[in-house]
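The values are calculated or read from the model by the stated rules, or taken from the named source; none is laboratory data. All of these numbers come straight from a predicted model, not from anything done at the bench. Ideal geometry is used to build each Cβ from the backbone, glycine not excepted, and the neighbour counts take in all protein chains shown.
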Amino acid sequence: MVHTYEKEGKLKDGSRVVLRPMVAEDREKLITFFQSLPREQRIFLRHDVTDPEVIRSWTEHIDYSRVFPLLALTGDRVVGDATLHRIPRGWKRHIGTVRVVVAADYHNRGLGILLVHEMVELATELGLEKLWAELPLSAPGAIAVFRKAGFSSKAVIEGLVKDLHGRSTDVVIMVCDVGTQYG
Ligand SMILES: CC(C)(COP(=O)(O)OP(=O)(O)OC[C@H]1O[C@@H](n2cnc3c(N)ncnc32)[C@H](O)[C@@H]1OP(=O)(O)O)[C@@H](O)C(=O)NCCC(=O)NCCS
């Protein structure tokens, strides 16, 4: 099965991380990871990840065919999390949505790009045709990561989402044609 893999990834500074799917036993590690994210990094995340109940519901209801969560770890510490979301039936059955978050002390070391690349590779194995990502227009670093991994900007929707402070924010829709990435 696709979710039994474990890989080693190399960052720009030569350090290494283990990439493997999330399992139920990762709950405490994930709570620590999400609670350590600075507020400005959590501002656009969809859920209140500081609430242990949110993490518990993720780890107790793992269904890799709907949400595939990939973790990056150093030892026992989670330093990055990427998810591939799918809707198995209907007109979006060939599309996956990607989300990624990296620990602040691991920024700009290549981990974000490594995780998004891994999502593209996974999408290829799963036979998906397109990947979709929604990013705040005000986050050029995040947009750069997805562009480097093969995504391109398709639309900007003004004021689509509200951040933690309730401020409306513009969102960039980025899409990756999976087939053309790896032939
Ligand atoms: C987006 C995020 C995952 C990036 O993680 P990361 O590990 O720092 O990313 P990487 O180190 O792989 O790549 C960063 C790249 O962006 C570039 N970059 C950073 N800031 C930039 C900016 N302001 N403008 C343009 N490029 C920028 C870096 O130069 C680097 O490219 P390089 O490797 O070619 O030099 C991380 O910032 C994060 O967790 N953000 C909060 C969650 C989020 O917004 N997720 C995206 C929505 S799903």
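For the reader, a short list of remarks on this structure follows.
- Residue-level analysis places residue 81 outside the set of residues that are surrounded by fewer than 20 Cβ atoms within 10 Å (Cβ to Cβ) and of a type outside the set (A, V, I, L, M).
Results for (1) among the basic types (Lys, Arg); (2) modelled with pLDDT of 95 or more; (3) in a loop (DSSP other than H, G, I, E, B), shown as yes or no for each residue.
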residue: 128; (1), (2), (3): no, yes, yes
residue: 134; (1), (2), (3): no, yes, no
residue: 138; (1), (2), (3): no, no, yes
residue: 153; (1), (2), (3): no, yes, no
residue: 169; (1), (2), (3): no, no, no
residue: 173; (1), (2), (3): no, yes, no
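- If you go through the stretch 1-52 and keep only what is part of a helix (DSSP H, G or I), among the hydrophobic types (A, V, I, L, M, F, W, C) and within 17 Å of residue 73 (Cβ to Cβ), you end up with 24, 30, 31, 33, 34.
- Among the residues of the stretch 17-63, those that are touching a residue at least 40 places away in the same chain (Cβ under 8 Å) and surrounded by fewer than 15 Cβ atoms within 10 Å (Cβ to Cβ) comprise 18, 32, 38, 39, 46.
- Residue count for the stretch 60-87, restricted to those that are outside any loop (DSSP other than H, G, I, E, B), within 16 Å of the chain's Cα centre (by Cα) and not aliphatic (A, V, I, L, M): 7
- The listed residue being of a type in the set (Gly, Ala, Ser), surrounded by 12 or more Cβ atoms within 10 Å (Cβ to Cβ) and on the phi < 0 side of the Ramachandran plot, out of 155, 133: 133
- Residue check, residue 124 surrounded by fewer than 21 Cβ atoms within 10 Å (Cβ to Cβ), assigned to a helix (DSSP H, G or I) and in contact (Cβ under 8 Å) with a residue 40 or more places away in the chain: yes
- Residues of the stretch 89-120 classified as part of a helix (DSSP H, G or I), out of contact with any helix residue (DSSP H, G or I) (no Cβ under 7 Å at 6 or more places or on another chain) and surrounded by 14 or more Cβ atoms within 10 Å (Cβ to Cβ), total: 7
- Extreme residue, nearest to the ligand (Cβ to nearest atom), among residues of the stretch 111-137 that are of a type in the set (Gly, Ala, Ser) and under 17 Å from residue 66 (Cα atoms): 133
- Yes/no for residue 144 being under 16 Å from residue 97 (Cβ atoms), modelled with pLDDT of 95 or more and of a type outside the set (Phe, Trp, Tyr): no
- Taking the stretch 75-110 as the range and being within 11 Å of the ligand (Cβ to nearest atom) and among the hydrophobic types (A, V, I, L, M, F, W, C) as the test, the residues that pass are 79, 82, 98, 100, 101, 102, 103, 104.
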